[in-house]
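The values are calculated or read from the model by the stated rules, or taken from the named source; none is laboratory data. None of the values given here were measured: they were computed from a predicted structure. In this analysis, Cβ positions are derived from the backbone assuming ideal geometry, glycine residues included, and neighbour counts consider all displayed protein chains.
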Amino acid sequence: MNTTTITDLTRRPSFDFLRIVLRGTGQVMFQNNAWTGLLFLCGIFWGAYAGHLGAVAWGALLGVVVSTLTGRLLRLPERDGVQGLWGFNGVLVGCAFPTFLGNTWWMWLSLILCAALTTWVRTGFNNMMAPWKVNSLTFPFVFCTWIFLLAARAMHGLPTTHMSAPELPSTFSSMADLGFGHLIAYWLRGIAQVFLIDSWVTGLFFLAGLAASSLRAALWAAVGSALALLTAIALEASGSQIAGGLYGYSPVLTAIALATVFYRPNRYSAAWAVVGTLVTVFVQAGMYVLLAPLGIATLTAPFCVTTWLFLLPRIRFDENEHPDHSNWDVENKTHLASPRK
Amino acid sequence: MNTTTITDLTRRPSFDFLRIVLRGTGQVMFQNNAWTGLLFLCGIFWGAYAGHLGAVAWGALLGVVVSTLTGRLLRLPERDGVQGLWGFNGVLVGCAFPTFLGNTWWMWLSLILCAALTTWVRTGFNNMMAPWKVNSLTFPFVFCTWIFLLAARAMHGLPTTHMSAPELPSTFSSMADLGFGHLIAYWLRGIAQVFLIDSWVTGLFFLAGLAASSLRAALWAAVGSALALLTAIALEASGSQIAGGLYGYSPVLTAIALATVFYRPNRYSAAWAVVGTLVTVFVQAGMYVLLAPLGIATLTAPFCVTTWLFLLPRIRFDENEHPDHSNWDVENKTHLASPRK
Amino acid sequence: MNTTTITDLTRRPSFDFLRIVLRGTGQVMFQNNAWTGLLFLCGIFWGAYAGHLGAVAWGALLGVVVSTLTGRLLRLPERDGVQGLWGFNGVLVGCAFPTFLGNTWWMWLSLILCAALTTWVRTGFNNMMAPWKVNSLTFPFVFCTWIFLLAARAMHGLPTTHMSAPELPSTFSSMADLGFGHLIAYWLRGIAQVFLIDSWVTGLFFLAGLAASSLRAALWAAVGSALALLTAIALEASGSQIAGGLYGYSPVLTAIALATVFYRPNRYSAAWAVVGTLVTVFVQAGMYVLLAPLGIATLTAPFCVTTWLFLLPRIRFDENEHPDHSNWDVENKTHLASPRK
């Protein structure tokens, strides 16, 4: 295959667009890799249909497509676009809407509006945070989705079908079945819940997807979910939340972010990531209480908040290190931009 | 009338002060125009007395006077002062206090303290937001008034007479009378509620006031309220809130801000303003739910939040455009500084 | 005693560390003075044991030691460290945890994690606020402690023994015993509550500690608590909260900050501090209502918020003044770094 053929292939817009969409899915866990995104999507489809909520998977696809197209329509810098950075908030919006809201036309139209919104809100938040040298992470998804989930309680057109009722923080049972097989399932669900999927099989897909891009990221995802699981059990958090992996997904993201993306990997940054993972568990627990009176989900806010707390001090563990927190993407050199891969 | 006479007239301090106070009222809807402010005040007095709550109108007058004097006392830059930018938060404080609190001496003293507070809080917030190239809009009013409305629940000296009780978000009826005459009234009330007035006649005064300064602003106020009304009805929001115009006032402000103040008017910025107006309706609905457990009003926060979301990305629709978001005022060239007008 | 001996003494690490720890305690009220810190600690121990909650005093000691060691471990700039600026958030964490949570092993481990966390969160918040030319004050303590208090409601391992139950804002009694002796006790408790101690004797210790470093600071602490007490009584706030000094501690800190730390003392800054003290009372009342549905304490957040509102406008009362808000510490020239003192 000569150079001309390659150029022709990469010029095919539909093929390009597909890769960008897949990379957008991979970027939810910081992987600029279409194969990762493909495996993530497989995991999402498996989990969604296994949970009899196939709309979640189609929502994810719609979300990433809409937010990617929005970036192009607004003529935002292409450099972000080709790396999938327009799409990763949108794919999460697409998972969240059918997970929490009833399946109506208004839900789908709101999903499209919200997924589009995340694209320029990300640009806006990144502008806002630029003086602090941090990135908005998945907070555009969190912020925009919170708006629509709250609005759903004031609009019959958006049915709050799968949302928990608002209530003051109250009693709960910390009993969870702690057999070895169960623990493995909770641990894998913690990874699957990054995309709001309640399935341990999906956790395996996600680990495979991470490994396809970076063994180190896969390792830290596994470590993050395990550490969070043990901490939540030790501190006797809600058993049903532990079993559903709801104490795992935020620490998974914190662990990947601190150990592999924003700091050069070494033993100091590894220790830093472990502390960050532990703190995320408390932030997660606190946010469950904070949002209980409103009856909305924490989404990935605990990950964002904790990661910011560990990036803002700009602590350097390496004399030769020049971290550029504002563009996580430039750190990821794994491109799938040519068809040779 | 020769130049000397003009100069003499403009030197009369009381006349100057009156114009500044009127411009402060006009600046609530971004109009640096004393006639606009006068028509707004007429609308406020009409609506307040029609609603048997005349204190609202006198509060508005007191608020704008106090916050304007505060700017002078603190020797803040006169350039803001002559354009009415010290007073627009104060006039809203003056409308809000008698609308929500009982008519006691402490209420009036608190109103004075809060109106004064908004003047330097505006300077502080504008300093804070300067790196982001956005303006604090009416958020000083929102923030300071929230403090006092919350405090009122902890102080018998400030009776929470007209505030709704704190409650967890719950069920509501989306039934509203949708006859044509009713729709017109809801639409005009949406404009009147910018100053917390529940009267469709006041909406006419406000449209006239806007038209006196800028036909384009009047048009977009009308479009914003109409779009919001249709959206709220389509998504089946609370019928009584729709009828009271409570889904209209924030979108009205967003529409004026995005379509006529912060972007050079063209078809792209018009489309942008329409999307912003739609998003404001969801932010408004979400904030009703967010604040329900506290039993305080959203005030104009949904407008501020949405407008920021649409300004922070610094998207440019015109190659020749150099928007300076941090000083909306410098865009408005309509001065009433000379008696010729 | 010759120079060599002095140098030898200052080289003794244990003695150095003790002074830094004591200064950290003093810095809670902006005093870079080990004797102040010692008197504060005496007041804390007296109040803790008088209230049959000795763990509060030992928590305070543990908190300041842990957060100071954390600063050294992370190699943060020593200039902050020697002035006690690593420790003042930690000592407050140490007071707060045993005040609100049950005395379990997990409480003590969480206290250590949270005290350590405040050290780099302070660095992070100061970085974040640097463009605004304000300091994070005690907000790192507030933010980190809120996380753990909220998390405690979702974790049986952290018993919410002494926390009030979450409830919607409701009725309360504003009756307090207003005899002269009682008023004196409320006034002194307002000062003691800066460290969450409910004892008028402790208030005397704190006044003595302030006077040891700065008579002006002691005077303004006294004035701040008195003004807040009268305001809360006049506006009929909750009688039990007034009696416990819970309307006093935030205004005490605002008064010291505005009158003696961030502005050159003169009659203008004195008037500014008085207005700031009054506003703090309303912010305090508002935050009690805001946090009632979550059942967590306001801590010193009202002081932080109000002080920011009065610093952000960067109003100058003195032509020759060059306030450097971002480093309150450099203003305090009283060093105890040599054994001569």
Consider only pairs whose beta carbons are under 7 Å apart and that are at least six residues apart or on different chains; among these, list those whose first residue lies in segment A:144-164 and is more than 7 Å from chain B (Cβ to nearest Cβ) and under 21 Å from A:Leu92 (Cβ atoms) and whose second residue is aromatic (Phe, Trp, Tyr) and in a helix (DSSP H, G or I). A:Leu149/A:Phe100; A:His162/A:Phe100; A:Met163/A:Phe100
Condition broken by B:Pro265, with the remaining ones in (1) surrounded by fewer than 20 Cβ atoms within 10 Å (Cβ to Cβ); (2) part of a helix (DSSP H, G or I); (3) more than 14 Å from every other protein chain (Cβ to nearest Cβ) satisfied: (2)
Can you work out which of the residues in segment B:133-183 that are closer than 26 Å to B:Leu253 by Cβ, touching a Gly at 6+ places or on another chain (Cβ under 6 Å) and part of a loop (DSSP other than H, G, I, E, B) is modelled with the highest pLDDT? B:Met163
Do the conditions hold for A:Asn103, that is, is it closer than 23 Å to A:Trp220 by Cβ and either out of contact with any Asp or Glu (no Cβ under 6 Å at 6 or more places or on another chain) or surrounded by 24 or more Cβ atoms within 10 Å (Cβ to Cβ) (or both)? no
For B:Gln241, are the conditions met, namely being modelled with pLDDT of 95 or more, under 20 Å from B:Ile197 (Cβ atoms), crowded, with 22+ Cβ neighbours inside 10 Å and within 13 Å of chain A (Cβ to nearest Cβ)? no
Can you say whether B:Gly71 is within 27 Å of C:Leu309 (Cβ to Cβ), out of contact with any Lys or Arg (no Cβ under 7 Å at 6 or more places or on another chain) and assigned to a loop (DSSP other than H, G, I, E, B), as far as the supplied structure shows? no
Examine segment C:273-282 for a residue that is at pLDDT 95 or above, surrounded by fewer than 24 Cβ atoms within 10 Å (Cβ to Cβ), more than 14 Å from every other protein chain (Cβ to nearest Cβ) and more than 17 Å from the chain's Cα centre (by Cα), and state whether such a residue exists. no
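Does segment C:108-141 hold any residues that are more than 10 Å from every other protein chain (Cβ to nearest Cβ) and more than 19 Å from A:Leu311 (Cα to Cα), and which are they?
C:Trp108, C:Leu111, C:Ile112, C:Leu137, C:Thr138
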Go through A:Ala152, A:Ala192, A:Ala185 for me and flag whichever is assigned by TED's automatic domain parsing to the domain that holds A:Leu109, surrounded by 14 or more Cβ atoms within 10 Å (Cβ to Cβ) and within 24 Å of the chain's Cα centre (by Cα). A:Ala152
Which listed residue is away from chain C (no Cβ under 14 Å), free of Cβ contacts under 8 Å to residues at least 24 places away in the same chain and not hydrophobic (A, V, I, L, M, F, W, C), from B:Gly181, B:Gly209: B:Gly181
Does segment C:73-91 contain at least one residue that is among the aliphatic types (A, V, I, L, M), farther than 30 Å from A:Ala130 by Cα and in contact with a helix residue (DSSP H, G or I) (Cβ under 8 Å, 6 or more places away or on another chain)? yes
Which residues, taken from segment C:125-147, are surrounded by fewer than 22 Cβ atoms within 10 Å (Cβ to Cβ) and not aromatic (Phe, Trp, Tyr)? C:Asn126, C:Asn127, C:Met128, C:Met129, C:Ala130, C:Pro131, C:Lys133
Tally, over segment B:285-314, of residues that are part of a helix (DSSP H, G or I) and at the interface with another protein chain (Cβ under 8 Å from one of its Cβ atoms): 12
So which of B:Ala221, B:Ala226, B:Ala234 ends up being aliphatic (A, V, I, L, M) and in contact with a Leu (Cβ under 6 Å, 6 or more places away or on another chain)? B:Ala221
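Considering only residues that are of a type outside the set (A, V, I, L, M) and surrounded by fewer than 23 Cβ atoms within 10 Å (Cβ to Cβ), which ones fall in segment A:200-229?
Residues satisfying the conditions are A:Trp200, A:Ser214, A:Arg216.
Listed here are the residues, each with its yes/no results for (1) closer than 30 Å to C:Pro159 by Cβ; (2) within 14 Å of chain A (Cβ to nearest Cβ); (3) surrounded by 24 or more Cβ atoms within 10 Å (Cβ to Cβ); (4) in contact with a Pro (Cβ under 6 Å, 6 or more places away or on another chain).
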| residue | (1), (2), (3), (4) |
| --- | --- |
| C:Trp35 | no, no, no, no |
| C:Arg75 | no, yes, no, no |
| C:Asp80 | no, yes, no, no |
| C:Cys95 | yes, no, yes, no |
